[in-house]
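First comes the structure, then the notes that go with it.
The values are calculated or read from the model by the stated rules, or taken from the named source; none is laboratory data. These numbers come from a predicted model, not from an experiment. Neighbour counts run over all protein chains shown; Cβ positions are idealised from the backbone, glycine included. Surface accessibility is based on the protein's heavy atoms, side chains included, excluding ligands, DNA and RNA. Shrake-Rupley method; radii C 1.70, N 1.55, O 1.52, S 1.80 Å.
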Amino acid sequence: MGWAGERHLKCYLGLPNVEVVALAGLEEPRLHELGQRYGVPNLHRDYVDLVARDDLDAISICAPNHLHAPVAIAALESGKHVLCEKPLARTGAEAEEIVRTARETGRVVHIAFTQRERGDVQVLKRHILNGNLGRIYHVKATWMRRNGIPGMGSWFTNKEMAGGGPLIDLGVHMIDMALFLMDEPEIESVSCATYAELGPQGRGGRGDGKTIVGDAYEVEDLATAFIRVSGGATLNLEAGWAAYRESSDDFGLTLYGTDGGAEMRVRNYGTQDTVRIYTDVDGVPAVVVPEIEPREGHLAVVRRFVETIRSGEWHGQVGEEGLRRARIIDACYISALEQREISLDIHPGSR
Ligand SMILES: NC(=O)c1ccc[n+]([C@@H]2O[C@H](COP(=O)([O-])OP(=O)(O)OC[C@H]3O[C@@H](n4cnc5c(N)ncnc54)[C@H](O)[C@@H]3O)[C@@H](O)[C@H]2O)c1
C-alpha cells in the first residue's frame, strides 16, 4: 500500500477485463482509504489471508523486500502468477527458491524492473540493436541522491528486512538497465565497496513518513562496484541514497561502443531531453538528440504481465533475470565485506 502498491493498483484498474479482487496491508486507515477510492471489495490485514483466497489468478507483491520470497512462494504454491517488485529477493538463495517454485508450479514470475521501460532506455536499446553503437565495451551506471534515504528507521534501513541499502534498492535498477542494454552478458567478477557515512549520523533522510521499525541505521548509504562481463566489457556502478553532492535525485548511463557512444542523464525523474548519442557523420563527430516519448514503467510491466498470463504462453518466464541480479548483488556485498574481487563462476551462495 506504499507508492509501489498504489502504482500497481492504478495500472491494473486501467487495463480492460482486469478485476482487482483484494488488497492486503498493515496500516488499517490506508487500507480502507485505498479500498474505497479504488473500489476494491476485499481488504485483508496480512498477506497470508490474501494469498489463501481461491478466487485470484495473480498477485502483485509491493511489500518490503524480506516478504518478497515468502509471499511469492506461498502464492505460486497456491497456483497464482506473481508480479514482484524489485529486487526479486534479498539474496540469491531466496531468489533461487522463488524461481524453482515457479518452475515446479508452472506459473509466471515477472519483476517490476520499471526503469528499463522508460522511453529513453528503449530508444537506446533500439540504437544498440540497430548496430549504431557497435560493440559496447564499457558502461557507467549511476543513481545518486543528496538526501534520499527512504524512510529513515523504517524497513528500508533495517538490514534483515531490506537485505541492503541503495545497492539493492537503486543499484538493482541500474544493473538491470545496464545488462538489458549490454544484451545480458555473463558476469565474470565483481569488486565492490560500500560506505555508511551519513545514515548512521542521522543525516540524508528523506522523511517520507514510513512506519518506523527501529532507530539503528544498518545498511550502506553508498555503494560502488566494478563488474567484468563476458567478452571483456566492463560496468562501473554507483548507487547512493545520500552524499554531499548537488541537491537532486539523478540517474544515468554512459555507454562506450566501437562505433558510437551514448549518455542518458535523468534529473529528478524527468523524461525530456535525457539522451545524447555520439557518433561520426562523414568522419566528423556528431551528436544525435533523439526525441523521446515518455513511457510509464509500471504500466508497461503490469500490461505485459497480464498479457503473458492471458496468452497462455509463459514457459520459462520464472523470474530468472531477477535471480541473476540478486546473485550479482550478493557478490557485491561479499566483495565489500571481504575487500576483494569475487569471481562469479564460483557460485557466491547466500549471504
Ligand atoms: N519499481 C519501482 O520503481 C519501485 C518504487 C518504489 C518501491 N519499489 C519496491 O516496492 C516495495 C515496497 O516499497 P514501498 O516504498 O512501496 O514500501 P512501503 O513501506 O511504503 O509499503 C510497504 C507496504 O507493505 C505492507 N506490508 C508489510 N508487511 C505486510 C504483511 N505482512 N502483509 C501485508 N502487507 C504488508 C505495508 O503495510 C505497506 O503498505 C519494495 O520492494 C521496493 O523496492 C519499487
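Details
- Where a residue in region 62-78 is open to solvent by 40 Å² or more (accessible area, probe 1.4 Å) and its partner, wherever it lies, is assigned to a helix (DSSP H, G or I), with Cβ under 8 Å and at least six apart: HIS66/TRP155; HIS66/GLU160; HIS66/MET161; HIS66/ALA162; LEU67/TYR47; GLU77/THR101; GLU77/THR105; SER78/VAL51
- Verdict on ALA286 being assigned to a helix (DSSP H, G or I) and over 16 Å from the mean Cα position of the chain (by Cα): no
- Whichever residue in region 262-298 is surrounded by fewer than 18 Cβ atoms within 10 Å (Cβ to Cβ) and of a type in the set (Gly, Ala, Ser) and, among such residues, is nearest to the ligand (Cβ to nearest atom): GLY270
- Within region 1-46, the set of residues being open to solvent by 70 Å² or more (accessible area, probe 1.4 Å) and without any contact (Cβ under 8 Å) to a residue 24 or more places away in the chain comprises TRP3, PRO16, ASN17, GLU19, GLU28, PRO29, HIS32, GLU33, GLN36, ARG37, PRO41, ARG45.
This table checks each residue for (1) assigned to a strand (DSSP E or B); (2) touching a residue at least 12 places away in the same chain (Cβ under 8 Å); (3) farther than 24 Å from HIS315 by Cβ; (4) away from the ligand (no atom under 13 Å from the Cβ).
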position: GLU97; (1), (2), (3), (4): no, yes, no, yes
position: ALA102; (1), (2), (3), (4): no, yes, no, yes
position: ILE111; (1), (2), (3), (4): yes, yes, no, no
position: LEU124; (1), (2), (3), (4): no, yes, yes, yes
position: GLY131; (1), (2), (3), (4): no, yes, yes, yes
position: GLY151; (1), (2), (3), (4): no, yes, yes, no
position: PHE156; (1), (2), (3), (4): no, yes, yes, no
position: ASP169; (1), (2), (3), (4): no, yes, yes, no
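- Of the strands (runs of 3 or more DSSP E) contained entirely in region 1-92, those carrying at least 3 residues that are within 13 Å of the ligand (Cβ to nearest atom) and within 26 Å of TRP314 (Cα to Cα) fall at 58-61, 81-85.
- Failed item in (1) surrounded by 15 or more Cβ atoms within 10 Å (Cβ to Cβ); (2) more than 22 Å from the chain's Cα centre (by Cα), with ASP49 passing the rest: (1)
- Within region 79-92, tally of residues that are crowded, with 17+ Cβ neighbours inside 10 Å and over 23 Å from GLY151 (Cα atoms): 5
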